[in-house]
Amino acid sequence: MLGLTNEDPAFEFGENEEYSSRVDAVVEMFGPMDLTQPMAWLQRLLLRRAFGTDFSGDARLVMASPIHYVNQDSAPFLIIHGKQDTAVPLEQAQLFYDKLLKTGVDATLIIVENANHNFKPTGGPIQPTRAEISDSMSDFFDRVLK
């Protein structure tokens, strides 16, 4: 969420108040972007542990969902997600990517074929390869941070 907070006062607190939460670029890999969307039983269990609820209408889940913080000032994003991810569905990445583009944010989505969560190979070798994924991340940071 740090790439989305854009120095919102609600997120500027704690031990390091002299440092902004604003970042210049984000690589997001296989994470849930909207905690109010349907999830598998394990993710719902993790939501209950972290937030005390897995009810999709709960304000805590809305507030913790990065998708609700996208705005025109959001940092550029590189999103990388496995096509066969059974832990966090690819739809999470796609919805987030679509919202970034609709809002005018610089965003790239890489869908990794034959990849489950954490890019675990499922049904064959992953494509792009881990080396190519690393190269894409380096290229992204070179492009947006220079």
Self-check item: Any pair with Cβ under 7 angstrom, 6 or more apart, that starts in the range 18-31 at a residue that is polar (S, T, N, Q) and ends at one that is part of a loop (DSSP other than H, G, I, E, B) and modelled with pLDDT under 90
Solution: SER20/GLU7; SER21/GLU7; SER21/GLU12
Quiz prompt | Filter result (buried (at least 21 other Cβ atoms within 10 Å of the Cβ) and at pLDDT 95 or above) within the range 62-83 | solution = PHE77, LEU78, ILE79, ILE80, HIS81, GLY82
Exercise. Scan the range 13-36 residue by residue and report those that are modelled with pLDDT under 85 and either surrounded by 15 or more Cβ atoms within 10 Å (Cβ to Cβ) or closer than 24 Å to ALA107 by Cα (or both).
Key: SER20, SER21, ARG22, VAL23
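Are any of the residues in the range 124-136 under 25 Å from LEU45 (Cβ atoms), buried (at least 17 other Cβ atoms within 10 Å of the Cβ) and at pLDDT 95 or above? Working first, answer last.
Taking the range 124-136 and keeping what is under 25 Å from LEU45 (Cβ atoms), we get none.
Scanning the range 124-136 turns up no residue that is under 25 Å from LEU45 (Cβ atoms), buried (at least 17 other Cβ atoms within 10 Å of the Cβ) and at pLDDT 95 or above.
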Quiz item: Tally time: how many residues in the range 93-116 are under 26 Å from VAL144 (Cβ atoms) and either touching a Lys or Arg at 6+ places or on another chain (Cβ under 8 Å) or at pLDDT below 95 (or both)?
Solution: 4
Self-check item: Close pairs (9 angstrom Cβ cut-off, 6 or more residues apart or separate chains): without any contact (Cβ under 8 Å) to a residue 24 or more places away in the chain in the range 110-138, part of a helix (DSSP H, G or I) anywhere
Solution: PRO128/ASP135; PRO128/SER136; ARG130/PHE119
Self-check item: Which numbered condition MET39 misses (of (1) surrounded by 14 or more Cβ atoms within 10 Å (Cβ to Cβ); (2) modelled with pLDDT of 95 or more)
Solution: (2)
Practice problem: For residues that are buried (at least 18 other Cβ atoms within 10 Å of the Cβ) and closer than 20 Å to PRO38 by Cβ, scanning just the range 91-110, find the one that is farthest from the chain's Cα centre (by Cα). | Solution: LYS99
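The values are calculated or read from the model by the stated rules, or taken from the named source; none is laboratory data. This structure is a prediction, so every number in the text was calculated from the model and none was measured. In this analysis, Cβ positions are derived from the backbone assuming ideal geometry, glycine residues included, and neighbour counts consider all displayed protein chains.
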